[in-house]
Amino acid sequence: MLKLGVNIDHVATLREARKTYEPNPIDAAKECIAGGADSIVCHLREDRRHIKDADVAALRRAVERLNLEMSIAKDVVDFACNIRPDQATLVPERRMEITTEGGLDVVSNVRKISSVVCKLESCGIAVSLFINPSKKQIDASLKTGARIIELHTGEYANAPSMSAKKRELRILKEACLYARSKGMEVNAGHGLNYINVVDIAHIEGLHELNIGHSIISRAVFVGIKEAVRQMKGLIG
Ligand code: PXP
């Protein structure tokens with residue numbers, strides 16, 4: 001069954017809007033699990049704009065499956081090796097971006113990324129690479145030693161027309177099939193919501209979807225546990 005990872009960064013974003021202690025991302029994570037989340041995802045950004053080091057440490061203690069999104073910056077890699085999330089998802093990071101833009105350019109950075117994959121794996125952390133759905137990026141990902149990828153669904157989610165959406169969906173399906181044929185575990189995420197997730201959930205061979213903004217947005221109205229439960233119902 002397709003798994004659901006819930007990204008709780010926006011709970012911390014709300015807390016940081018007032019630089020206070022609430023809402024507490026750890027309590028939110030527990031509610032996500034109660035709603036059926038299979039893993040908790042958070043992004044420790046280099047600028048620590050929402051999730052802080054202490055949040056990750058507390059999440060590590062509080063949840064069974066923690067997926068830490070992170071850049072390949074040395075201090076973040078060292079921190080991850082110390083905390084030991086179950087999985088690290090390597091993402092590109094630019095200071096001024098509102099959210100992660102595009103996938104990692106693994107093709108141009110095979111050596112740099114390989115050494116980070118090797119270091120994290122030697123700490124017992126499974127490593128996933130967040131990439132655009134292209135064969136070139138998949139082949140390069142394989143060269144780094146990573147055995148998990150997360151396909152960026154942003155182009156699909158933001159497609160301006162039905163025909164563009166269909167095309168992006170086809171590209172995602174082909175990329176998933178190709179990576180699976182190479183023995184990789186394939187996840188997907190970014191920009192998924194309660195409407196566009198349905199077609200993605202039908203892609204054969206996908207292991208897990210990682211969803212944040214849409215679930216936390218719905219949680220404002222129905223509560224986080226119920227928002228997760230509804231998403232789980234759509235993809236299960
Ligand atoms: N996957 C990755 C690698 C991401 O960087 C993000 C955004 O933090 C997500 C999934 C979730 O995206 P969204 O918040 O649009 O659901």
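The values are calculated or read from the model by the stated rules, or taken from the named source; none is laboratory data. If you're wondering where the values come from, they're calculated on a predicted model, not measured in any experiment. So basically every Cβ, Gly included, is an ideal-geometry build from the backbone, and we count neighbours across all protein chains shown. Each accessible area value is taken on the protein alone, full model and side chains, heavy atoms only, with ligands, DNA and RNA left out. Shrake-Rupley method; radii C 1.70, N 1.55, O 1.52, S 1.80 Å.
Assorted remarks:
- Basic side chains Lys and Arg get +1 at the Cβ, acidic Asp and Glu get -1 at the Cβ, and with that the dipole of region 1-64 about its Cα centre reaches some 140 debye.
- Simple Cβ-charge dipole of the chain, Lys/Arg +1 and Asp/Glu -1, about Cα centre, in debye nearest 20: 240
- Prolate/oblate/rounded label for region 77-129 (Cα gyration tensor, a/c 1.5): oblate
- Note that region 77-200, at 4 °C in a medium of 1.567 mPa s, gets a Stokes-Einstein diffusion coefficient of 86 µm²/s from its Kirkwood radius over C-alpha pairs.
- Dividing the convex hull volume of the alpha carbon atoms of the chain by its residue count gives 118 Å³ per residue.
- Debye, to nearest 20: dipole size of region 149-236, +1 on Lys, Arg Cβ, -1 on Asp, Glu Cβ: 160
- Solvent-accessible surface (1.4 Å probe) assigned to Met162 amounts to roughly 140 Å².
- Charge dipole of the chain about the Cα centre (unit charges at C-beta), most positive-ward option of Leu44, Leu172, Ala159: Leu172
- Inter-part distance, region 131-181 to region 47-120, computed on C-alpha centroids, equals 20 Å.
- Debye intensity ratio I(q)/I(0), log10, region 136-236, q values 0.10, 0.11, 0.16 Å⁻¹ (C-alpha model): -0.29, -0.35, -0.71
- For Leu4, nonlocal amide neighbours, meaning residues 5 or more places apart or on other chains whose placed amide H falls under 5 Å from its own, are Asp38, Ser39, Leu209.
- Among 51-57, 103-109, the order from most to least packed when residues are scored by Cβ within 10 Å on average: 103-109, 51-57
- In Å, descending, principal axis extents of the Cα set of region 1-91: 35, 34, 21
- Each peptide among 23-29, 122-128 gets the average number of other Cβ atoms lying within 10 Å of its residues, and from highest to lowest they stand as 23-29, 122-128.
- 5 angstrom amide H check on Phe130, placed H, neighbours 5+ away: Leu90, Leu104, Glu150
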